[in-house]
Amino acid sequence: MTTKVAITEERDTRERLIEAAGQLFADHGFKKVTVREIVALAHANVAAVNYHFGDKLGLYREVVEAAITAQERTTEESRQAGEGLPADERLRSFIRIFVGRAVKHPRSWVRGIIFREMADPTPALDQIVARGIRPRLEYLGAIVAELLECPVTDPRVLPCAGSVQSQLVMTMTSPIAGKLKPGPPAGPVAIEQMIDHITRFSLGGIAAIRR
């Protein structure tokens with residue numbers, strides 16, 4: 001019993017450190033955050049960082065890994081939700097999942113880490129692009145290509161996929177978005193209206209490009 005309790009506490013400490021570090025790194029960047037700030041927020045001690053991660057850089061790598069894993073799960077959920085559906089319904093499913101994520105986790109540090117890496121990149125950005133961003137755009141690009149009735153290599157595909165993704169970014173909570181709109185849609189009706197608007201706008205735009 002003692003061993004099981006110790007293992008649980010150890011795992012909880014590790015998860016608390018990742019969660020606290022994720023929030024602080026997302027808000028301030030890797031260089032400006034100290035280990036003492038992280039352990040204070042996580043209710044842990046400096047020795048725990050050394051034990052679980054080696055040092056602050058090791059902890060940052062784990063935070064980035066957690067962010068990438070979350071991206072991979074969401075992309076895979078989108079694939080599964082759209083399996084067997086026509087392209088327009090796959091697009092709607094893709095949009096539904098990402099709007100749902102934005103509403104459910106309005107202040108996610110996972111997105112904060114991604115945005116921070118875009119603004120102040122570290123070597124971790126390569127992994128974020130390769131495993132988190134590129135597969136998502138490739139999946140969305142395949143849907144767009146089918147709607148455009150063209151190969152995925154067609155130069156129209158990436159701009160159209162980017163236009164869809166940009167609308168999804170606007171549903172997220174961020175300092176800029178907060179000054180431009182009241183916040184994420186609240187309530188089932190507003191969420192459905194947002195999903196429907198982005199879907200219809202995207203399908204209309206893609207149809208216009210196809211013509």
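Using alpha carbons only, how many degrees (0 to 90, rounded to 10) separate the axis of helix 188-210 from the longest principal axis of the chain?
Roughly 50 degrees, rounded to the nearest 10.
Once the Cα atoms of helix 134-148 and of the chain are each reduced to a long axis, what angle between those two axes, in degrees from 0 to 90 to the nearest 10, is obtained?
Here the helix axis deviates by roughly 10 degrees.
Counting C-alpha atoms alone, how compact is the chain: give Rg to one decimal and Dmax as a whole number, in angstrom.
Calculated on Cα positions, Rg and Dmax stand at 19.7, 69 Å.
Excluding same-chain residues fewer than 8 positions from residue 32, which aspartates and glutamates have a Cα within less than 18 Å of its Cα?
Answer for residue 32, where 18 Å is the Cα cut-off: 19, 55, 62, 117, 120, listed by chain and number.
Quick one: angle between helix 87-104 and the longest Cα principal axis of the chain, in degrees between 0 and 90, rounded to 10, please.
Here the helix axis deviates by roughly 30 degrees.
Can you sort 97, 133 by 1.4 Å-probe accessible area, starting with the largest?
My answer, sorted largest first, is 133, 97.
Using θ = phi - 60° and the Karplus curve 6.51 cos²θ - 1.76 cosθ + 1.60, what whole-Hz ³J(HN,Hα) does each residue of segment 53-60 get, with Gly and Pro shown as x?
Computed from phi, the couplings for segment 53-60 are 10, x, 6, 5, 5, x, 5, 4 Hz.
The values are calculated or read from the model by the stated rules, or taken from the named source; none is laboratory data. Please read these numbers as outputs of a predicted model, since none were measured by experiment. Heavy atoms of the whole protein, side chains included, go into the accessibility calculation; ligands, DNA and RNA do not. Shrake-Rupley method; radii C 1.70, N 1.55, O 1.52, S 1.80 Å.
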